[in-house]
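A quick write-up on the structure given underneath.
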Amino acid sequence: MAATNQTSFNNPKFTVPVNDVEQQTSLELEAVKEFDYSKRSQWLRAAVLGANDGLVSTASLMMGVGAVKQDIKAMILTGFAGLVAGACSMAIGEFVSVYSQLDIELAQMKRDKERGTDHEDQNKEDEKEDLPNPLQAAAASALAFSLGAMVPLLAASFIRDYKVRVGVVVGAVTLALIVFGWLGAILGKAPLVRSSVRVLIGGWIAMAITFGLTKLIGSSGL
C-alpha cells in the first residue's frame, strides 16, 4: 500500500510546471513593457510631427514674405506671427479633438456602470488614469509646433544681408527636416533614408511653392 502511495506521489502528473509559470510571467512583463513603449512612441511621434508642421509652415511664410520684402523686420514679424497663430491653432484643435474623445469615453463608462458591467475599483482607477487630458494634449501640441517654428526664426534673426539670410534659413530648415524625418522614421519603424528624404522634399516643395506664388503675386502689382 505504501509503495502504491509513493508511486502515486511521484507520478509526473503531480509535478509543478515551474518553467512554464516563469516563462508566462516573463512574457506578461515583456507585453507590459512593449505596451508602455508603444504609448510613449505615439506621443513622441506626435510631438515630432507637430514640430515638423511648425518648421515647414513658419519657414514657408518667411520665404513667401521674403520673396517680396527683403528687409529682416518683415521676415521676423511674419515668422513670429506664424508661430503664435500656428501654436494657438494647434492647441485649440487638439483641445477640441481630445475633449470630444474624452466625452465619448466618459459616456461609455457611464453606460457600462448602468449595465452593471463595470470592473473592480482598481480597474476603475486605471481607466481614469488612462483617460485623455485635453489641456495636456493642447499644451504639448502648441509646444511642439513652437519648437519647430523657432528654427527658421533663430536662423534669420541676426543676418542683415538678404541673400545670406535666405540661404541660412533654407540650410537650417533642411537640416531640421532631415532630423525630424529621421526621428519620425525611428518612432514609426519606417525606412530611415526613405522617410527622411520624403520629409525633406515635402518641406522644400512647400517653401518653393509659397515663395514662387508670393513672388508672382507681388510682381503682378496686386
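The values are calculated or read from the model by the stated rules, or taken from the named source; none is laboratory data. Quick caveat: nothing in here was measured; it's all calculated off a predicted structure. Neighbour counts run over all protein chains shown; Cβ positions are idealised from the backbone, glycine included.
Quick check on my filter: what residues within region 171-194 are outside any helix (DSSP H, G or I) and either surrounded by 15 or more Cβ atoms within 10 Å (Cβ to Cβ) or at positive phi (or both)? Once the filter is applied, which keeps residues that are outside any helix (DSSP H, G or I) and either surrounded by 15 or more Cβ atoms within 10 Å (Cβ to Cβ) or at positive phi (or both), region 171-194 yields only LYS189.
Residue-by-condition table, conditions (1) at pLDDT 90 or above; (2) in contact with a helix residue (DSSP H, G or I) (Cβ under 8 Å, 6 or more places away or on another chain):
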position: LEU27; (1), (2): no, no
position: ALA31; (1), (2): no, no
position: ASP36; (1), (2): no, no
position: ARG45; (1), (2): no, yes
position: LEU49; (1), (2): no, yes
position: SER60; (1), (2): yes, yes
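Can ALA137 be described as farther than 14 Å from ASP53 by Cα, of a type outside the set (Lys, Arg) and not in a helix (DSSP H, G or I)? Against the criterion (farther than 14 Å from ASP53 by Cα, of a type outside the set (Lys, Arg) and not in a helix (DSSP H, G or I)), ALA137 does not qualify. Please specify each residue of region 158-170 satisfying the condition of being in contact with a helix residue (DSSP H, G or I) (Cβ under 8 Å, 6 or more places away or on another chain) and surrounded by 13 or more Cβ atoms within 10 Å (Cβ to Cβ). Within region 158-170, ILE159, TYR162, ARG165, VAL166, VAL168, VAL169, VAL170 meet the criteria.
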